[in-house]
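These notes concern the structure reproduced below.
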Amino acid sequence: MGHASPCYSRWSIAGLLVALIGLGAPANAHAQRYLVTDLGTLGGGSSTGYAINANGQVTGVAVTANGRLHAFLYTSGDGMIDLGTLGGGETKGYGINASGQVTGEAVPAGGFLYTPGSGMTDIGTIGGGSSTGYAINASGQVTGVAVTANGTLHAFLYTPGSGMTDIGTLGGGSSKGDGINASGQVTGEAVTANGRLHAFLYTSGNGMIELGTLGGGTSKGYGINASGQVTGEVVTAGGAFHAFLYTSGDGMIDLGTLGGGESKGNGINASGQVTGDAVTTNGALHAFLYAKRVMLDLNSMIDPVIAAHVTLFSGKGINDDGWIVANGADSRTDMTHAYLLSKH
């Protein structure tokens, strides 16, 4: 589970060509066709999906009829509902668990926890003025980033009934939690003692360990599954950001691209399937599915009639059934919407 969050993340289009797509791929690699559902909006023009749970529910942010940004919860059959605010302002939903609980950010209040039937509550801080929740597990534990008493940004672990705990850094000044699994393991990014930004894996009792890089100076962890596998983005020796898959004992592997220079892994499921976004040979940004050691363009796995006008540019989350929440642009309206990709 996990997502790609907007806090101080960098994206650039540069680097080396990795054109391994299709080598060794089974003949039926593109045979899978996803059903595509446009999740719509809350009355405005656009929406963005960030996370999906085991039941296919999705959370994200959508524009309301009066032009505000509000967090939403989408459920098949019920559609998209507005999760409201915390005292006004705007909200964004970044993480969702199997019970339909959502975490995210409320402006100006800070991090929130939404529980169906109970509404939205503030999850507090770790001594500073604000926080943002980015991911939530089945127990209602939340990770994200919060301002400390001395004004720095630190990753946290929030546990219902116990509150928020600062999980530290890798020796530097700041950190951010992006993904959490059922065991309460957290991944994210943290500054090291020498000032580098590296992906980490945090486990209660063992603390935070550094996941390293693939020859470059930077890595960031965005999603983590039940086995502790992590995906995210890492700078290669050639200076390009590539999606990676980290497995304990085996370390980090480069997932490649869709023929262009860069890629980023946003979500991972129990089978180690990864979704994210990658640059194609012609320089476009497309959503991908990485499975069985092959990266596939999700636009090649949907109905060609839909693909003729909708371009999926980012896969944000994937559940254990292989359902994906992705964001796409519709050439007919020039609007970005969240889309649910479900299997037949």
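The values are calculated or read from the model by the stated rules, or taken from the named source; none is laboratory data. As the structure is a prediction and not an experimental result, all values here were calculated from the model. Here the Cβ positions follow ideal geometry from the backbone for every residue, glycine too, while neighbour counts run over all protein chains shown. Areas reflect the complete protein model, heavy atoms only, side chains present, ligands, DNA and RNA absent. Shrake-Rupley method; radii C 1.70, N 1.55, O 1.52, S 1.80 Å.
For region 140-254, calculate the relative contact order in percent as a whole number, restricting contacts to Cα pairs under 8 Å that are 6 or more residues apart.
Over region 140-254, the number comes to 16 percent.
What percent does the relative contact order of region 270-344 come to when contacts are Cα pairs within less than 8 Å and at least six residues apart?
24
Based on the Cα coordinates of region 61-213, what is the per residue volume of their convex hull in Å³?
About 126 Å³ per residue, rounded to a whole number.
Residues of the chain: accessible area per residue at 1.4 Å, in Å²?
Normalised by residue count, the accessible surface of the chain is 38 Å².
Among 322-330, 142-150, 263-271, how do they line up by average Cβ neighbours within 10 Å per residue, starting with the highest?
263-271, 322-330, 142-150
Ignoring any ligand, DNA or RNA, what whole percent of the accessible area of the chain comes from carbon and sulfur when the probe is 1.4 angstrom?
51
Using the alpha-carbon centroid of each, what span in Å lies between region 93-112 and region 191-267?
Each part reduced to its Cα centre gives a spacing of 25 Å.
Quick one: pull the percentage of alpha-carbon pairs in region 138-183 with a separation above 17 Å.
When every Cα pair of region 138-183 is considered, 31 percent fall beyond 17 Å.
Among residues other than residue 214 whose Cβ falls under 12 Å from its Cβ, what is the net charge (Lys/Arg +1, Asp/Glu -1)?
-2
How many percent of all Cα-Cα pairs in the chain sit more than 38 Å apart?
Within the chain, distances greater than 38 Å cover 10 percent of Cα pairs.
Hey, which aspartates and glutamates would be in cross-link range of residue 343, C-alpha to C-alpha under 17 Å, not counting anything within fewer than 8 residues on its own chain?
38, 297, 303, 320, 321
Given an 8 Å cut-off on Cα distances and at least 6 residues of separation, report the relative contact order of the chain as a percent.
It rounds to 17 percent for the chain.
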